[in-house]
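**Q** What follows is a structure written as structure tokens; I'll ask about it next.
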Amino acid sequence: MGKKTNIALIGFMGTGKSHYGKILADRLNFNFIEMDALIVEKNGKSIPEIFASEGEIRFRELEMAVCREAAQMQNSVIACGGGVILNKLNIDYLKQNAIIFCMEASDQTILSRIMKDGKEQRPLLNKPDPQREIENIMKFRRPLYQAYGDSFIDTEQPEDKVVFEICKYFKNQ
Ligand code: S3P
């Protein structure tokens, strides 16, 4: 089997998928594809607006279409939405040509990163007790992130180490 030419970043909200995706794309001279941004562009609505007016199930359909499209690209870093792992088909698409890196951080770190953007940006956590939501959603999703990552990246280490680890694993595939 030939080498894979894409990097896909999965992981919970607030684990730095978009942040590191941009840095990696820059470093490797790859395209940067952010699934959520593509969904927003195609639908002319923000993610919170899509959740509010069309519901999560419709959002997941839009996400699957964008994932399928992104997975066909070459030399790209794909920052996935946190829920991409909820549909095994998404992972099957991505695996065809991407090494999948699972970005990780503690629940505490995730909470503080989310609150910096504002919880209104994350419909699933826009609840009175976002910390409890993170714990509950994580309980269900952790095994999925674990199952689908090719490599697991601690995003609480210094930024250059995160980038180095990903580049090294990707080059040595
Ligand atoms: C979601 C994560 C979000 C966005 C939507 C749902 C999730 O993306 O797709 O709010 O289900 O985990 P980020 O992981 O980029 O925040």
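**Q** Go through the residues of the stretch 120-127 one by one and say whether even a single one is over 17 Å from H19 (Cα atoms) and touching a strand residue (DSSP E or B) at 6+ places or on another chain (Cβ under 7 Å).
**A** Looking for residues that are over 17 Å from H19 (Cα atoms) and touching a strand residue (DSSP E or B) at 6+ places or on another chain (Cβ under 7 Å), one finds none in the stretch 120-127, hence no.
**Q** Among the residues in the stretch 38-56, are any touching a residue at least 60 places away in the same chain (Cβ under 8 Å), within 16 Å of the ligand (Cβ to nearest atom) and touching a strand residue (DSSP E or B) at 6+ places or on another chain (Cβ under 9 Å)?
**A** Within the stretch 38-56, none of the residues are touching a residue at least 60 places away in the same chain (Cβ under 8 Å), within 16 Å of the ligand (Cβ to nearest atom) and touching a strand residue (DSSP E or B) at 6+ places or on another chain (Cβ under 9 Å).
**Q** Being buried (at least 17 other Cβ atoms within 10 Å of the Cβ), over 30 Å from N172 (Cα atoms) and either among the charged types (D, E, K, R) or more than 9 Å from the ligand (Cβ to nearest atom) (or both) narrows it down to one of L28, L62, L9, L24, so name that one.
**A** L62
**Q** Output the residues belonging to the stretch 83-95 that are touching a residue at least 40 places away in the same chain (Cβ under 8 Å) and either buried (at least 22 other Cβ atoms within 10 Å of the Cβ) or away from the ligand (no atom under 12 Å from the Cβ) (or both).
**A** Hits for the stretch 83-95 are V84, I85, I91, L94.
**Q** So, one more: Which condition does K3 not pass, out of (1) assigned to a loop (DSSP other than H, G, I, E, B); (2) of a type outside the set (D, E); (3) surrounded by 15 or more Cβ atoms within 10 Å (Cβ to Cβ), if it passes all the others?
**A** Here K3 meets the rest and fails (3).
Every number in this text was worked out from the coordinates using simple rules, so none of it is lab data. Predicted model only: the values in this text are computed from it and were never measured. Every residue, glycine among them, receives a Cβ derived from its backbone with ideal geometry; neighbour counts consider all protein chains shown.
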